[in-house]
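See structure below.
Taken together, the values in this text are just the output of simple stated rules run on the coordinates, not laboratory data. This structure is a prediction, so every number in the text was calculated from the model and none was measured. Neighbour counts are summed over all protein chains in view; Cβ atoms, including those assigned to glycine, are modelled from backbone coordinates with ideal geometry.
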Number of protein chains: 2
Amino acid sequence: MSKDETPDQAPEATLELAPVELLVCATCRSSVQEQTDPEAARPGALLSAALSEKAWPDHVTLREVECLSNCTSGCSVAIRGGADRWTYVYGNFDGANDADVLHEGAVKYASTPDGVVPWRERPVHFRKNCIARVPPLNLPD
Amino acid sequence: MSKDETPDQAPEATLELAPVELLVCATCRSSVQEQTDPEAARPGALLSAALSEKAWPDHVTLREVECLSNCTSGCSVAIRGGADRWTYVYGNFDGANDADVLHEGAVKYASTPDGVVPWRERPVHFRKNCIARVPPLNLPD
């Protein structure tokens, strides 16, 4: 390609980011909310509904999933994306009330190739409520 | 294929199981052990060494990994394997003392196509110390 044909784009625009999935546990009854009505909508369902109203990058998909086995720290989400990213599980979300902070943290995650957002840039909720993380499928040596 | 060419094999023998990785966090200092000597071998390293002495199915790989961000319930492991299996994170292992129970649970996990071992067949430690699980990449609808 000659110099004249080189696209005039910033490096960010040419970076190919793997698709990301934000998985919201729609099963559990939150430990941070009193659930006196067993028929009431579950916190994860409320969180998921609030998240679906947000603007997301094209490569992010939002899905409700069944139990993430993190019931003592629900409601919970898992976020993953491609063979080079770490998978993170975060907990203790207060239903729809935490949609903004989760959106912020998930968009930052989705902007990285490896899923590792610098510590100081993570929302405080993410720093304090990381339940676990799992290494990328393409494990660094 | 004619009837005569049909291999005379039990269904189990023809079941192709995806490779499994057992990832042992070698970073954290266990919360279940007093670590008075900062230079002492870490529980995850001791657990990993003990596991490496065990007999494993050919499709199971054991690896030490860095922090699984489950430090309050260390030492920890993650187990995963292929696009159809759930990934599980287990914690609160007492170093090499729990190598047998982890081996038992991991071998059972590796024998399943989806990673879901029936509840009653899981080691008690697995039942009581599941930190989180993440759905398969091939999410059921």
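Overview of results
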item: Residue-averaged beta-carbon neighbours from other chains (10 angstrom radius) around A:60-70; result: 3
item: Amide H within-cut-off set for residue B:65, under 5 Å, with H built and near neighbours excluded; result: B:24, B:25, B:26
item: Computed label-point distance, nm, for sites residue B:63 and residue B:29 using a 7 Å Cα→Cβ extension; result: 2.8
item: Neighbouring partner chain Cβ atoms per residue of A:127-138, average, 10 Å criterion; result: 6
item: Order by protection proxy (mean Cβ within 10 Å, highest first), peptides B:67-73, A:130-136; result: A:130-136, B:67-73
item: Neighbouring partner chain Cβ atoms per residue of A:75-82, average, 10 Å criterion; result: 1
item: Length gained when the stretch residue B:56-residue B:40 is fully extended (0.36 nm per residue, less Cα-Cα span); result: 3.0 nm
